[in-house]
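Only one structure is covered here, and it is reproduced in the block below.
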Amino acid sequence: MTTLIGVCPRRRFAALLLLLFCFVSTAAAATPEEAARGLLQRLLPQQADQFTLESIPKDAGRNVFEIESVDGQIVVRGSDGVAIASGVNWYLKYFCKCHVSWCGDQLRLPDPLPTVTEKIRRPSPHKYRYCFNFCTFSYTLAYWDWPQWERMIDWLALQGINMPLSVTGQEAIWYKVYRDLGLSDEAIDQFLVGPGYLGFGWMGCIDGWGGPLPASWIDGHLRLQKKIVARQRELGMLPVLQGFTGHVPAALGEVFPQAKLRRLRPWCGFPPTHFVDPQDPLFRRIGKMFIEEQTRQFGTDHLYAADTFIEMPPLDDNPEFLATMGGAVYEAMRAGDDAAIWVMQGWIFVNAPEFWKPPQAKALFGSVPDDRLVLLDLAGEARPVWPETEAFYGKPWIWCIVQNYGGVVSLHGGLPQIARNLDAALTSPKRGKMSGIGLINEGLGCNAIVYDFLTDMTWRSEVPELDDWIGQYVQRRYGRSPPAVDQAWRLLAESVYAEPDRTSSVVCARPTFDSKAKWMPTAPPYDPAKLVRAWQKLLQGAGDLQGVDTYRFDLVNVTRQVLGDYAGVLHHRMVDAYRTRQRRTLTETSGRFLQLIRDLDQLVGTRRELLLGKWIADAKRWATNEDEKRLYEWNARNMVTLWGPRDSILHEYAHKQWSGLLGGFYLPRWKMFFDRLDESLAAGKPFDADAFEAAVLDWEVDWTHGTEPFSADPQGAAVAVARRLWTDYGAEVLSGKK
C-alpha cells in the first residue's frame, strides 16, 4: 500500500479496491464452540476456564441451548455460537444475577459459580431474531470501528440475535458497480451521501448530502464490513445485506439516455431522488451486478434488505405498477442469487396508511413468492400492522419494536404494551406466518430494560408476568436490590416505562414560546411526580450501590429525565413573565433555566455514553487528513442539530442530551433568546420572532462548521453530582410547583 503514496486519491482508491477485490481469505472459519469461547474470554477473562462449551443438534429445526453442572464445570451447549452464547447469558442472568448492556455492565460473579442442579434446555420458538434499522447506521453506528463492532456482535449473540442487518461498507460496492456502468467519479460523488447520512442514502431518501465520501472511508469500511460479517457468521448469524431498491444516480440518465428514470416524492424537504422504472431492463441489470459484486466481497446468506418506498410513496398507486415494482426488486435480487430472500420493513403501513390500502399492499406482496419475502412489523409496541394486513397477507413476518426514534436520550419503552402486544401475536390463531421477533431501533438509546425484556423473549414461548420480571431485572442489573431501589423501579415502570414513545425536554428545542415545538413533545405523558419519587428512592440506594456501574448510569439517566422535565416548568414561568412584562422575574427565571442546563451538562458528562466529544472523536479518527477531519466533524455536528441544510424541517429530530451539546449548543442558543427578550422589554418593543429565527439559524449553521474541542472522556463522580442536584432541585421538583 505504501507504493501508492503520491498517486491521485481516486486512482489510489481504485488500485486499493482492485487489490481488495482480488484478495481471498484462506483463514479457516472458527467452529461454533471456538467462536463462543472467544466471546466468553472477552466477556469473562477471569472465569472463562470454568465453562465448558459444546455443540448440539437443533431441536426439530429450532436453535436450542442447554446448561448444566458437570464435575465442577458449567457446561453450556448450543446448536450454534449464538445459542451457546445465549446459554452463557441465561446462566449469568438467572444464576449469577449479572447483566450485560450498552449502559454499563454488572459482572460481579459469585465465587464459586452457582451450581445448576437440574439441566436447563431451551429451544427458541423463533426462526429469526432480528436487529437494527437502517437509521441505526446513522444515529448510533455511523463512526464505529472494529472494537466497538466486536463488542456489539458479542452483545447480539448473548441476546440470541441471529439476523442482524449488516450494511456497513456497501459504498465500495456501489462505487464499483457505477464505475463499471460508465459513471464518472464526480457523478458517483454527487450520489453517495456523507458518512453520517449513509442510512438515508441506502433507503433512497437523499442523494449527495454530507459528501463526498473520501476514498479512505470507502476503503476502510470495505475492510471493516468483511470483519463484521465474518464474525457474525462464525457465531451462526445470518447477516442481512443490501438489495437493489431501484434508487440510482440522476447522472445515470446521461450514460443511458434511453433508460426510464422516475422521480420519487421529495423526502423531508430534500430534492427528489430517482429510481429506474421496474420495466426497464436496466433495473435487473444493476440489481444483478450489485448482488454479484457484494457476494464476491462479503459472501451471502441470501437475505437482502430493500425498501424502495420507505417514506416516499410512489406517484402511481395502480396495483399493476406496484406488482411490477415488487417483482422487479425481487427478480433483481434473484438474478444475482437464485436463493435470494427479500427482507422488507413494514414501516410503509405506519408512514403512509392512506396509500397502502389492501389492493396496493396485496399487489406488492403478491409479486414475490411466499417463501422469498420476510416482512418486519416495526412498531409492535405502539402500532402493530399485522392485525390490519391479515398477517401481511400470508408472508412470513417478524414482530419488532422500533423504540428510540432519532436515537434521542429519553426514558421510555412501553413495557406493558410490548408484553401485551407480543402476547397477542404469539397466541393469536390469526398470526399467520409469524417467524420471529426483533429490535428495529433507530438508535441504541439508553433504556437497557427494554432491550433486555424483548431479547429475553428470544428463548421463551410465553410472555412472563411483567411485574415479576422487572423484579428479577433489578436484581441482575445491580447484583442486589435494596428495598428503596426496588420501589424506584416500580415507580419507573408505572411512569416512563409505561409509555412507548420518546419524550423530550424543552432544553433541546430551538428557543420559542411554544413548548410543543416540532419533534419536542415537552409535556410528559406520564405522572412527573412518580418519576421524581423514583429519583429520590434511587438515590437512597447509593450507599449500597454507588460502586456499581449500572447503578451509576441509571442514576444519571433518571436525574437527567427529572431535570429535563422540570425545564418545562421553568419555561412556562419564563413565558408567563415575558407576557406579563415582569422583567425581573424573567431575568431570575431565565437564569435558573440556564443554570439547569449547566447542571445537566455536568451530570451527563460523568458518563462516556453521553458525550458529544466521544461522538466527534469517533468520527474524526477515520480521517487521514485535515480536510477529512473537518468533513467528518461537520457530519457529526449536523446530524444531532440541523439534520440537513439551514432550513431543514428535521432540525432537532436527532437531538441529544449529551455533555458538550447541552453546554456548547443548547445553552448559548437559549441565552441568545433570553437576551433578546430582555432587550425587547427594556426597549418597550415587541419581540421580533422572525429576526431571532434568522439570527439563530445563522448561528446554528456556523456551529456545525465549528471545531472547538469537547471532552471525549467522562469527568466527575456521578453519585456526588446527583446528590448535589437533589439538594439544589429536589424540594422544587418534589413539590410539583408550576
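Here are some notes:
- Accessible carbon and sulfur surface of the stretch 241-365 relative to its total accessible area, %, 1.4 Å: 51
- If the chain linking Glu588 and Arg431 were pulled fully straight, counting 0.36 nm for each residue of separation and taking away their Cα-Cα distance, it would gain 50.7 nm.
- Label zone at Arg151 (point 7 Å along Cα-to-Cβ), backbone N below 14 Å, the stretch 379-420: none
- At R0 = 41 Å, FRET efficiency that the Cβ-Cβ distance of Glu679 and Leu734 yields, to 0.05: 0.70
- Each Lys and Arg adds +1 at its Cβ and each Asp and Glu adds -1 at its Cβ; summed about the Cα centre, the chain shows a dipole of about 780 debye.
- Solvent-accessible area of Met639 with every protein chain in place, 1.4 Å probe, in Å² to the nearest 10: 0
- Within straight-line cross-link reach of Lys288, aspartates and glutamates at Cα separation under 19 Å, skipping those fewer than 8 residues along the same chain: Glu171, Asp180, Asp277, Asp280, Asp301, Asp307, Glu331, Asp337, Asp338
- Length gained on full extension, Arg724 to Arg42, computed as 0.36 nm times the residue gap minus the Cα-Cα distance: 241.8 nm.
- Those lysines that a straight Cα-Cα span of less than 21 Å connects to Lys530, excepting residues fewer than 8 apart in one chain: Lys737, Lys738
- Between Glu118 and Arg630, the simple spin-label model (points 7 angstrom out along Cα→Cβ) gives 6.9 nm.
- DSSP beta bridges confined to the chain are antiparallel in about 35 percent of cases.
- Å² per residue, accessible surface of the stretch 355-434 at 1.4 Å: 33
- Fraction of accessible area attributable to carbon and sulfur, the stretch 577-668 (%, probe 1.4 Å): 49
- When a 1.4 Å probe is rolled over the protein heavy atoms, the share of accessible surface on the stretch 421-570 that falls to carbon and sulfur comes to 47 percent.
- Three-way shape label, the stretch 611-735, alpha-carbon gyration tensor, a/c 1.5: oblate
- Summarising the amide proton neighbourhood of Ser55: residues at separation of 5 or more, or on other chains, whose placed amide H is nearer than 5 Å comprise Gly78.
- Excluding exposed DSSP-loop GluC sites (Glu not before Pro) (at most 12 other C-beta within 10 Å), longest clean stretch of the chain: 466-738
- Charge dipole (the stretch 619-727, unit charges on Cβ, about Cα centre) - positive-most of Tyr632, Ser659, Ser648: Ser659
- Between Glu292 and Thr580, the contour length at 0.36 nm per residue exceeds the alpha carbon distance by 96.9 nm.
- Overall shape: prolate for the stretch 443-499, with the ratio a/c of the largest to smallest alpha carbon gyration tensor axis at 1.5 or above and a/b above b/c.
- Treating r as the C-beta distance of Asp370 and Arg263 and R0 as 45 Å, the FRET efficiency rounds to 0.90.
- Solvent-accessible surface of the stretch 273-332, taken per residue with a 1.4 Å probe and all protein chains present: 34 Å².
- Cα-based shape type of the stretch 129-218, given that a ≥ b ≥ c are square roots of the gyration tensor eigenvalues and the cut on a/c is 1.5: prolate
- DSSP bridge pairs, the stretch 33-111: antiparallel proportion in percent, nearest 5: 60
The values are calculated or read from the model by the stated rules, or taken from the named source; none is laboratory data. For clarity, every value in this text was computed on a predicted model and none was experimentally measured. Quick reminder, even Gly has a Cβ in these numbers, built from the backbone with ideal geometry, and neighbours come from all protein chains shown. Just the protein is used for accessible areas: all its heavy atoms, side chains included, with ligands, DNA and RNA removed. Shrake-Rupley method; radii C 1.70, N 1.55, O 1.52, S 1.80 Å.
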